[in-house]
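The values are calculated or read from the model by the stated rules, or taken from the named source; none is laboratory data. Quick caveat: nothing in here was measured; it's all calculated off a predicted structure. All Cβ positions, even for glycine, are placed from backbone atoms using ideal geometry, and neighbour counts span all protein chains on display. Remember, those area values only see protein heavy atoms, side chains included, never the ligands or the DNA or RNA. Shrake-Rupley method; radii C 1.70, N 1.55, O 1.52, S 1.80 Å.
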Amino acid sequence: MADDRLIIGGYEFKSRLFVGTGKYKDFAETKKAIEASGADVVTVAVRRVNITDRSKENLLDYLDPKKYTILPNTAGCYNVEDALRYARLARAAGVSDLIKLEVLGDERTLFPDTAGLIEAAKILVKEGFIVLPYTNDDPIVAQKLVDVGCPAVMPLAAPIGSGLGIRNPYNLKIIMEMIKVPIVVDAGVGTASDAAFAMELGADAVLMNTAIAGAKDPIAMAEAMKYGVLAGRLAFKAGRIPRKLYATASSPIEGML
């Protein structure tokens, strides 16, 4: 597995676990959880966490840029204009040309506004951003995002922060079969078995925040997620046995009599 690297938009990653930075009690706990997760990619909400004003306490002071790829995101943006503004702000601050693009359509469910998402993605791609869009589990929307130039797609497993796990594995599997770019399952993971299941389906990576930050022991859960993602990836590459209705003897019986 040491050579099982993930490549998105020219960036190469060893870990297939992406982690967020919200909801921790402080930056010190955030740092410890990220270290325990083994993640290469750390996503940060430009609108909610200070990563641009170096005169104040800054999350980036706790993250070694040589060790982690910082993925700014437009969390909390409910229209195209806001999403574009925060993406451009992150790049202007020298954070990254990568952007996790969120254009939300509803405050209660935090489901994406897919029409706005496609519009914003098209604009940012033309501006030279490497756009990773957070979307629903609709294969048609996923394909449209690829068509406008997104090098990866991030479909939800369940509503953000819900911990419900994968609600529609069939749609996710269709996306994984149809879309010829990396698929990062994002939102709704609750525990390590959810992460493993996503990877067993064929996801290229899993992104999570609340499942780790909201756990009773975030540091231990971060480590559990690391192993869940790794186990799921190994199982997917190994290839599971077919499901059968009836039992099959583990030891062969031919030639015994």
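Data table
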| quantity | calculated |
| --- | --- |
| Segment 161-178 - phi-based ³J(HN,Hα) in whole Hz, Karplus 6.51/-1.76/1.60, Gly and Pro as x | x, 7, x, 7, x, 6, 8, 9, x, 5, 5, 4, 5, 4, 4, 5, 7, 7 |
| Gyration tensor (alpha-carbon) shape descriptor, segment 86-212, a/c threshold 1.5 | prolate |
| Total charge dipole magnitude, the chain, about the Cα centre, Cβ charges on Lys, Arg, Asp, Glu only, Debye to nearest 20 | 220 |
| Base-10 log of normalised Debye intensity for the chain (one unit scatterer per alpha-carbon) at q = 0.11, 0.12, 0.13 Å⁻¹ | -0.56, -0.66, -0.77 |
| Euclidean distance between Cα centres, segment 1-38 to segment 189-216, Å | 12 |
| Rel. contact order, % - alpha carbon contacts under 8 angstrom, at least six apart, the chain | 18 |
| Rounded to 5, the percent of DSSP beta bridges in the chain classed as antiparallel | 15 |
| Phi-based couplings in Hz for segment 80-86 (Karplus 6.51, -1.76, 1.60; Gly and Pro marked x) | 4, 4, 5, 4, 5, 4, 6 |
| Per residue solvent-accessible surface (Å²) - the chain, probe of 1.4 Å | 50 |
| Amide hydrogen neighbours beyond the local backbone of Leu104, cut-off 5 Å, H modeled | Cys77, Tyr78, Asn79, Asp113 |
| Segment Ala235-Ile219, length gained on full extension (0.36 nm per residue, minus Cα span) | 3.3 nm |
| Dipole magnitude of segment 112-239, debye to nearest 20 (Cβ charges: Lys/Arg +1, Asp/Glu -1, about Cα centre) | 200 |
| Cubic angstrom per residue, convex hull over Cα atoms of segment 85-124 | 71 |
| Cα-Cα over 22 Å, subset of Lys32/Lys216; Lys23/Lys237; Lys32/Lys237; Lys173/Lys237; Lys100/Lys126 | Lys23/Lys237; Lys32/Lys237 |
| GNM result for the chain, Cα springs below 10 Å: residue of Lys216, Lys180, Lys31 fluctuating most strongly | Lys216 |
| Whole-Hz couplings from phi, Karplus 6.51/-1.76/1.60, listed for segment 142-155; x for Gly and Pro | 4, 5, 5, 5, 5, 4, 8, x, 6, x, 7, 10, 10, x |
| Accessible surface of segment 143-187, 1.4 Å probe, proportion on carbon and sulfur as whole % | 54 |
| Candidate aspartates and glutamates - alpha carbon under 18 Å from Lys56, same-chain residues fewer than 8 apart omitted | Asp26, Asp64 |
| For Tyr24, distant residues with modelled amide H under 5 Å away | none |
| Sequence-distant residues sharing a close amide H with Val41 (under 5 Å, placed H) | Val19, Thr69 |
| Accessible area of segment 1-91 belonging to carbon and sulfur atoms, whole % at 1.4 Å probe | 46 |
